[in-house]
Amino acid sequence: MKKNLISFTLASVLALTAAPYSFATNDTTIQPSNDYSQLVTKRQVVDQLLNDAVIAFKSPARISHAGFTAKMPSNMEIVTNRLLEAYKLEPYRTDLLISAANAQIYNKNVDRAISLFQQALSVAPDDIDLHAYLAIWQHFKGSQAASDKHMTALAKLNPGRAADIQRIFATVDRIVATPLKEHADKDKLDDKGAIVTLGYALNPDGSMHPILIERLETTLVMAKANPDAIIILTGGVPMNHKTEGKLMADWLIEKGISKDRIIEENYATSTVDNALYSSYALARHNIKHAIIISSASHVRRGQTLFEIASWQTGPHNITFDTVSYPDKPLKELAIANDAELLGIYRDALRTYGMWSYRSYPLESR
């Protein structure tokens, strides 16, 4: 009896998916709006396109060598194209447009990103994330009237979000206007002070790059001058089964720094992670002032992200200073160029909590 019931049910499903159907109830005819067999096929295609996007996104190569074309599209271009192909099939999936736009931000094509954000906004005109993105990137492009328009809309829709975006603008403006320096404003940290050293990609054999060693030399000087300060070493990209955080800790311990002062943060794979994970360590120890050590070309982005991360984790009123290892002459970096500013704004939004990629399985802060 059970076997016959299963057979009947399966046969019924196959009959329904094979062709359109209708039921007459009184004078009303109920008909499906789609062919269900085609719906299943479309879902499979969308899933495959998103899986292809994930593969391109995670590929360690910066360009694709697949195929026989003279043009080698970047990974982010492939990601964008797959997302837009999926959007053509499912045009209610505004998330696909947002993810594609952010892929273009990574591709440094801000104009195309703005166009995609605007396309998404035409579908969802009250989306607060879209107004926030457009306020930021129009400001970055120097289109202040357009940025102000989105800020006005944002203030009506969500005053708290509008205030946060204004705070991001003010934070970035202040930090990029602060001169880079190779020494802290004060050699001695007050009570409840911390030194935070940002990692740098290891060599393929798992050894430390000279730039990372230079950052550690700077850290060592600061650590000796401030024997009560805790030291957070953040970096977790594994190479040959080693991580930056662990190698940095070993190096400092060999130089005489007590391991009891050191917090290894071995999970961060980006500057955003550096800030988010380290902010909890700063909160746990109720740190009032922290000095961030990184390369001169990177330290302004680091400070921006640490400040934004601390808005949510605390401690309340924590302050940050920076010390730069001059990977380039400081005079050359005195004014933040467009590439640096793009990275600062992009990662500021990620740290704030606006995920760049929000289309499963392509989900990434």
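Structural remarks
- Cβ-derived FRET efficiency at R0 51 Å, D191 paired with L89, nearest 0.05: 0.30
- Over all other residues within a Cβ to Cβ distance under 14 Å of G160, the charged ones net out to +1, with Lys and Arg as +1 and Asp and Glu as -1.
- Gain in span if fully extended, V45 to S115, counting 0.36 nm per residue against the direct Cα distance: 22.7 nm
- The slack in the chain from S258 to K328, taken as 0.36 nm per residue of separation less the alpha-carbon distance, amounts to 22.1 nm.
- Spacing of the two label points (7 Å from each Cα toward its C-beta) at D173 and S122, in nm: 3.3
- Pairwise centroid distance, computed over Cα atoms, of the range 307-365 with the range 188-226, Å: 19
- Think of each Lys and Arg Cβ as +1 and each Asp and Glu Cβ as -1; about the Cα centre, that makes the dipole of the range 193-333 roughly 200 debye.
- Residue-normalised convex hull volume from the C-alpha trace of the range 207-365: 129 Å³ per residue.
- Computed extension length for Q144-E217: 22.0 nm, one decimal, from 0.36 nm per residue of separation with the Cα-Cα distance subtracted.
- Close amide H partners of Y325, meaning residues 5 or more places away or on another chain with modelled amide H under 5 Å apart, are S294, S295, A296.
- When you restrict to C-alpha pairs under 8 Å that are six or more residues apart and normalise by the size of the range 88-229, the relative contact order lands at 13 percent.
- For the range 330-343, backbone phi angles converted through the Karplus equation (6.51, -1.76, 1.60; θ = phi - 60°) give residue-by-residue couplings of 4, 4, 5, 9, 4, 10, 5, 7, 4, 5, 5, 5, 4, x Hz, Gly and Pro being listed as x.
- Pairs of lysine residues in the range 193-333 - Cα separation under 19 Å, sequence separation of 8 or more or cross-chain: 5
- Selected from I263, A283, G245, residue furthest toward positive end of dipole (the range 193-333; charges at beta carbon): A283
- Panel values: the range 146-256, Kirkwood radius from alpha carbon pairs, Stokes-Einstein at 20 °C and 1.002 mPa s, translational diffusion coefficient 126 µm²/s.
- Peptide ranges 205-216, 109-120 listed from the most packed, as the mean C-beta count within 10 angstrom indicates: 109-120, 205-216
- Computed over neighbours whose Cβ is under 13 Å from that of Q312, the net charge equals -1, Lys and Arg +1, Asp and Glu -1.
- Label point 7 Å beyond Cα of E340 along Cβ direction - residues of the range 165-179 with amide nitrogen under 18 Å: 169-179
- Approximate shape of the range 38-177 as ellipsoid semi-axes (Cα gyration tensor, √5λ), whole Å, largest first: 31, 20, 11
- Annotation: peptides 301-312, 231-242, ranked by per-residue average of other Cβ atoms within 10 Å with the highest first, follow the order 301-312, 231-242.
- Interchain or long-range residues, amide H under 5 Å from I291's placed H: A194, I195, V196, D321
- Calculated P(r) of the range 282-365 - Cα pairs past 21 Å, %: 40
- Inter-site label distance for K58 and D250 at 7 Å from Cα along Cβ, in nm: 2.8
- Counting charges near D173 (Lys, Arg +1; Asp, Glu -1) among other residues having Cβ under 13 Å from its Cβ returns a value of +2.
Quick note: the coordinates plus some simple rules give every number you see, no bench work behind them. Not measured: the values here are computed from a predicted model. Every residue, glycine among them, receives a Cβ derived from its backbone with ideal geometry; neighbour counts consider all protein chains shown.
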